[in-house]
Amino acid sequence: MTYAVNLAGINLEHPVMNAAGTCKMLDGEDGVRNLVRSALAAVMVGSMTLEKRLGNEGEVYWDSGNYSLNSLGLPNPGANYYKQFIPEMAALAHEAKKPLFVSIAGFNPEEYGVLAGLASRAGADLIELNLSCPNVWDKGEQKRIASFDPPLIEEIIGQVKDRIKRETRVAVKLSPCSDPFLLAEISSVISSWRIINAVTAVNTFPNAFCLDEQGKPRITPGGGLAGLGGPAMKPIGLGHVKQLRSMLPERVSIIGAGGIASGQDVLDYLKAGAVAVQVATSFMNKQARVFDSLLAELIQITD
Ligand code: RRO
């Protein structure tokens, strides 16, 4: 049995990769140099922003076992670092027969264009437009999540279109969306752009809130509001993959994300219509060995 898949025209040895947010650097324990030696099929780096960001301060991550909350706030070394190191990241990934994917996050459409151009020229095989970061706060005000704003999505894709090399693939990462009519509108915008080759569904659920035993918010930035991921997100992620598969044209691949912690979870996403999946929370808990166990379990239940 082969586990090879074709994601947006890119051949992967199997469907499992890390999600954005879990690998930001070339070096370090969760850096590209280490990750390419693990069992994942593609390496996702980022999200990167134009300027370097330290991220939010205080308690920014909590894992209950059933769900995780994060308010990392896009910590990353910034575009100059990536301009310098993406070529080496791509070379290392390619030596290991894995493509390099780069997630980008602009604060306006123009920034998405600049970042996409940079990542494309530096050698990313696929650029994921992160339209769905829930955790950017400025003087107590939350930044708009582009994923919920179809005209803004349109503008962002328009800026990216003319700046990337022809061979670079493009994915968009969406927020979970409880309104099926809005999801259909978003899908229709995405479908109208031939440069979009894949959709990642879904990012964390925005503005979840949790208190500890003393009644204090588990997460401190943003008044405690944070993106919810982990096992609780699996039915929501699956629901998005199922809906999007019927809303998007066949040429747009779907990457599933949300609560993947076992081989059965991977298989369920594939059955719902995804060609590949991304793993964040269980990677944060178990480090890179999670890719070995996900794959071993997938083989065991499908062989
Ligand atoms: O860095 C974050 O706080 C973050 C991002 Br950019 C994202 O896309 N999703 C998320 O849950 N956290």
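A few points about this structure:
- Among L152, L211, L74, residue whose mean-square fluctuation peaks in a GNM of the chain (springs only between Cα atoms under 10 Å): L211
- Under the combined filter of DSSP loop state and at most 11 neighbouring Cβ atoms within 10 Å, the range 199-302 retains these GluC sites (Glu not before Pro): E213, E250.
- Judged by the ratio a/c of the largest to the smallest principal axis of the C-alpha gyration tensor, the chain counts as rounded, that ratio being less than 1.5.
- Cα shape, the range 148-191, gyration tensor, a/c 1.5 rule: prolate
- Over 19 Å between alpha carbons, listed pairs K173/K234; K52/K161; K98/K234; K98/K286; K24/K52: K52/K161; K98/K234; K98/K286
- Under a Gaussian network description of the chain, with springs only between Cα atoms under 10 Å, the residue in L129, L182, L100 that fluctuates furthest is L182.
- Rounded if a/c under 1.5, otherwise prolate or oblate - the range 61-175, Cα gyration tensor axes: oblate
- Taken as Cα centroids, the range 9-68 and the range 201-237 sit 19 Å apart, rounded to the nearest whole angstrom.
- Taking amide H as placed 1.01 Å from N in the peptide plane, the amide H of M48 sits under 5 Å from that of S103, I104, A105, each at least 5 places away or on another chain.
- Rounded to 5, percent antiparallel among DSSP beta bridges of the chain: 35
Bear in mind that the values in this text are calculations on the coordinates, not laboratory data. This one's a predicted model, so the numbers in the text were calculated from it and none came from an experiment. Counting neighbours? That spans all protein chains shown, and the Cβs are built from the backbone with ideal geometry, glycine included.
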